[in-house]
1. Give me, ordered by chain and number, the residues 5 or more places off residue A:25 or on other chains with an amide H under 5 Å from its own placed amide H.
2. For the stretch A:131-265, just the Cα atoms, rotate onto the principal axes and tell me the three extents in Å, largest first.
3. Per residue of B:78-86, count partner chain C-beta atoms within 10 Å of its C-beta, then hand back the mean as an integer.
4. So what are the ³J(HN,Hα) numbers for the stretch B:213-219, from phi and the Karplus equation (6.51, -1.76, 1.60; θ = phi - 60°), rounded to whole Hz, Gly and Pro as x?
5. In terms of Cα to Cα distance under 27 Å, which lysines are near enough to residue A:265, apart from those fewer than 8 places away along the same chain?
6. In whole Å, what are the extents of the stretch B:186-236 along the principal axes defined by its C-alpha atoms, from largest to smallest?
7. Please compute the modelled spin-label separation between residue B:52 and residue A:160, points set 7 Å along Cα→Cβ, answer in nm with one decimal.
8. Quick check: residue separation of residue A:75 and residue A:42 times 0.36 nm, minus the Cα distance between them. What number comes out in nm?
Amino acid sequence: MGENGHNEKRRLNDPPRTFKLKIQRREKEGAPARWETFELPYRRNLNVISALMDVRKNPVTADGTQTTPPVWDMSCLEQVCGICTMVVDGRVRQSCSALIDDLLLASGSDTITLEPMSKFPNIRDLKVDRSKMFDHLKQVHAWIELDGSYNLGPGPQMSNEVAQDRYALSRCMTCGCCLEACPQYGDDKYIGPQAIAQARLFNIHPAGKMDIDERLAGLTGDDGIGNCGNAQNCVQVCPMNIPLTRAIYETNRDITVNTLFGWLKK
Amino acid sequence: MATGPSITFLLRKLHQLTGIVPLGVFFLVHMFTNSKALNGEAAFEKAVQEIHDIPYLLFLEIFGIFIPLLFHSVYGIIISSESKTNVFRYGYARNWFYLFQRVTGGFLFVFILFHVLNLRFGLMPGLNMTPVAGNADLSYQIISAEFSIPWVMAIYILGIAATAWHLAYGVWLFAVDWGIVIGEKAQKYALYGCIAAAIGLFAIGANAAAAFVRPCGLLPQGLCEKPKVVTPAPPRRV
């Protein structure tokens, strides 16, 4: 942190002439994975995406073999769309905001390793299919029923407190970092923190509350919230600082009251 | 339309619950009984005899201990088998605790099997062949003989340590899984409390184990009751 409270950009004082990108390649879904290393000239202010673009211009590996240009997803390039998420040096994050200087400083080596996320189907190279996350949202009814056959009038008021809590949860960009880092997620045995937090987003909405039973039912299925292992990696890796664990535990309380002890109200 | 909770969900909740009640409570009672060995052979044997005198003991043993224990351990192994642990990539403390809960659970499965065969049934080949159950008057001597073998003692000390941690962290897991402790700060302090409880339980358990090979365990002997030497009174004239 600088004197003005802003994050100061870290720079290599004595940058190397070149650095290496070690990329996990895969022809298509189901094909075997292999590694390829590319050597690139160092430039100031490179990030992983711009380094990958350099590789794409001249896809020749460090040992001189001509190969296909690597495939990856990207869109906003400012860490708000989440689509460029991959595993950089063993840690899941957005590749657009992964700066080469930072990575080389952190690892102390001259090589940066890129892998696709392991919890999603790997379509090719660094590209994955994350449509599972959309299915999760459908499973937990992560929306508010608004449409009626007549004018329903203005919705209920929302307190400032609830609005702020909801804002924090609404920042989710469905990038998949939390699911990649979660030791319980995978094999479709657990729905994961992403959908739980989105269910919470609508459960605390004054109009969304009306469908809370439906959302909790989506979360108490075979792959539901009960399979959370409390390793709490999700909240550590979330690039949007979403209070994922709080969302899980508040939902746990709702479930204890409504689902486990709900029959006592009958 | 909303449907009820799934079987998996209910089994998870039952797994969390059985770890606290009855198994956690049983462990506390167990350590309390063991600690009576600090006051000598007679005090311990009296405590064992009192357990033998509990009414409906067999039912209590089957439905209060064996069945919950069997369910908790077998379902725990199923849960552990679903884990895709990644502590080397994401080495956060809670991630290590997550792994450790599964490792201690796996170890305890083997340890408790050994312990129950060794002392409850006296069926461990090469070791003690007299069950403590039903032989309250021999209980101290049986355990004392077992604990004098260094590797047996080491296994029991490890077992007590693993149980103390697994139970104390399990209480924390129960508190967060049932939505009792929610906030970040509350979870932090609750975790400190559970770590302190784990250390306390281990100290009590290990000291009780030590009391079977050295009077008063690891404490200075002045702290414990002196073993009473009972001189038989002369027969009263009738």
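1. The answer is A:34, A:35, A:36.
2. Sorted largest first, the three principal extents are 45, 36, 28 Å.
3. Average neighbour count from other chains, rounded to a whole number: 4.
4. So the Karplus estimates, Gly and Pro as x, are 10, 9, x, 6, x, 8, 7 Hz.
5. A:209, B:13
6. Rounded to whole Å, the extents work out to 66, 23, 16 Å.
7. For the pair residue A:160/residue B:52, the computed spacing is 7.2 nm.
8. Going from the current span to full extension adds 9.5 nm.
Taken together, the values in this text are just the output of simple stated rules run on the coordinates, not laboratory data. This one's a predicted model, so the numbers in the text were calculated from it and none came from an experiment. Every residue, glycine among them, receives a Cβ derived from its backbone with ideal geometry; neighbour counts consider all protein chains shown.
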